[in-house]
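Structure, as structure tokens:
The values are calculated or read from the model by the stated rules, or taken from the named source; none is laboratory data. Everything numeric here is computed off the predicted structure, so don't read it as measured data. Backbone-built Cβ (ideal geometry, glycine too); neighbour counts: all protein chains shown.
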Amino acid sequence: MTSLTWISQKAWIWSFVGAFVVWLATALYIGGAGGTAVITTALSFATFTVIVGIGQMFVITTGPGNVDLSIPATISFSGAVAMKIMDGSNAMLPIGFAASMACGLVVGLFNYILIRILRIPPIIATLSSSFLVLSTAIAYGRGLKIKPPPLLAEFATARLLGIPVLAIVIILFAVVMSVVLNRTMYGRSVLAIGQNQRAAWLAGINVERIRFYTYVLSALLAALCGFLLSGFSGGASLNMGQEYLLASIAVVVIGGTSVAGGKANVPGIWGAAMFMFLLVTMLNTFGVSAGIRLILTGLIIVAVITIAGGDKPPR
């Protein structure tokens, strides 16, 4: 098997190729100065997209129609609750983190209740859930202007040899989740359900239990993102999760996960998150106006998805 053939069979590699191309174009445009800084900044911001992207990936992998649209609201809700409970105190960090995770658990449970018990399609259930969660966040965190505990802020912004510490941690986390996806009973069950739900059920897989775990996992990771993002950005805001609605889905698809289910890839999410941030950076560097930038961003993302989506969906 030639190298080109191997690459063509690994759709997720194109996300890294796209990230490298847009970074190279940016570096050449600015004369090479600041190229390293661009990569470092991309790592910092892509980290949060990767966190929610992994959760979204597991949901989408369970098959057509499965998607979590409550991620942005969960991010805002989690951040608001954690910041208000900690009130800037390092001593309250463990309690604030636990409260944040509790928010994710509640949202995940609520999403699954809507999907399983009320028989509401996932896209409608999670969208409805997002309105309720965000409304709760608004009511709870109205006028919220609380800085994060110094330890959380330092951890979220710290660098080791110029590399963001948080990015290093999430890279290691992505490795763990890749092992979970490909080497554990849970991960293999997710893939099997996405490939053929009825066959998975006949094989003895508890389909509904796996779906329950998956929606809870997505909500917990969204809550984790809200907690860390609050520390990174100097506090929580009620719209801080807004940009992660489409981003969490785009990085999954660009990263090589099939929207038909049954095929997923964790490393590709990192490549896709880097690509998306670097793409916006490149267009800003070129001085493209906001309207044209949005159009070009959409067209380029569609092109990359088309190139990366060459594999046939599993049957």
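List of remarks:
- Tally of residues being in contact with a strand residue (DSSP E or B) (Cβ under 7 Å, 6 or more places away or on another chain) and on the phi > 0 side of the Ramachandran plot across the stretch 161-191: 0
- Scanning the stretch 195-239 for residues that are part of a loop (DSSP other than H, G, I, E, B) and either in contact with a strand residue (DSSP E or B) (Cβ under 6 Å, 6 or more places away or on another chain) or under 28 Å from SER44 (Cβ atoms) (or both) gives GLY234, GLY235, ALA236, SER237, LEU238, ASN239.
- Identity of the residue in the stretch 122-161, modelled with pLDDT of 90 or more, small (Gly, Ala, Ser) and in a helix (DSSP H, G or I), that ends up nearest to ARG211 (Cα to Cα): ALA125
- For the residues PHE212, PHE173, the requirement of being touching a helix residue (DSSP H, G or I) at 6+ places or on another chain (Cβ under 7 Å) and of a type in the set (Phe, Trp, Tyr) singles out PHE212.
- Selection status of LEU245, in contact with a Pro (Cβ under 9 Å, 6 or more places away or on another chain) and either in contact (Cβ under 8 Å) with a residue 40 or more places away in the chain or under 30 Å from ILE30 (Cα atoms) (or both): yes
- Meets criteria (farther than 15 Å from LEU221 by Cβ, at pLDDT 90 or above and in a helix (DSSP H, G or I)) for VAL52: no
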